[in-house]
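**Q** After the structure tokens below, expect a handful of questions from me.
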Amino acid sequence: MDARDSLADNELMPSIPQEVTVAIVEDDATIRAGWVNILKGLEGYSVAGEFGSGEEALADLVKNPSDFVLMDINLPGMSGIECTRELKRQVPYVEILMLTMFGDLERIFDALRAGASGYLLKRTSPAALKAALDEVRLGGAPMSRYIARQILEHFRQPEIVEKPAEDPPEIVENLSARESEILKLLAQGCQYKEIADKIDIHIETVRTYIRRMYTKLHVRNRTEATVKYLESKRSNERAADELEGRGSKGLGGR
């Protein structure tokens, strides 16, 4: 990602400490050991602890918090989402990256709502993992392109011509046509330079649009903007279903 992308999400770039601690929550011992080995090879990061269950991690990390947690979403007993929610409640400043073998869309939303800072596939390379950790340290919210595109495809639908007056999709309606176009590209995982090239505008203009969009959506970064956009698409889908249902009932009653 363009290093300046993260700057657009924050007015001030926070200083980066010399070393950041990372805890690993993964029930598969082999996979857990693999993450430990990867982290040991990343400059600026150290392993603060490794846990085989959410319960074990929560009991320790509340007392001895790490800066980051790599959290498996599919844990036995307390799920990764439940552990994330409770850990963020008790240690709000901890940054949690969810890790999974595949893009389970419903769980992605649940994890982000629970407070996760980003979402990556377990097959993420060491270099990509370091880039994601670095991005969060600079205020960003990493999400693999595969997952971002899966989310967008899942919620893509034709525009609704008629909407129920009592339930307007107010989130996206607040955006201009250009802002909406840029938001869709953000949700696809495009970098700012790619967005500029795709819609033929200067990268600084892209940043200006994004700052305005974040203000309108009351969000701080790409992930929060994407979640709001996709939730509004969900709202549109429900509204369309309700409208269709009322139309069917009306025709049936004639």
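**Q** Given the condition modelled with pLDDT under 80 and in contact with a Leu (Cβ under 7 Å, 6 or more places away or on another chain), answer yes or no: does some residue in the range 198-220 qualify?
**A** no
**Q** Please go through the range 1-32 and pick out each residue that is assigned to a loop (DSSP other than H, G, I, E, B) and modelled with pLDDT under 50.
**A** Keep residues of the range 1-32 that are assigned to a loop (DSSP other than H, G, I, E, B), which gives 1-2, 9-19, 26-28.
Matches in the range 1-32: Met1, Asp2, Asp9, Asn10, Glu11, Leu12, Met13, Pro14, Ser15, Ile16.
**Q** I would also like to ask the following. Would you check if Pro92 is surrounded by fewer than 21 Cβ atoms within 10 Å (Cβ to Cβ), touching a helix residue (DSSP H, G or I) at 6+ places or on another chain (Cβ under 7 Å) and either under 17 Å from Met143 (Cβ atoms) or not hydroxyl-bearing (Ser, Thr, Tyr) (or both)?
**A** Here the answer is no, as Pro92 does not meet what is asked.
The values are calculated or read from the model by the stated rules, or taken from the named source; none is laboratory data. Here the structure is a predicted model, which means the values were calculated and not measured. Here the Cβ is made from the backbone with ideal geometry for all residues, glycine too, and neighbour counts use every protein chain on show.
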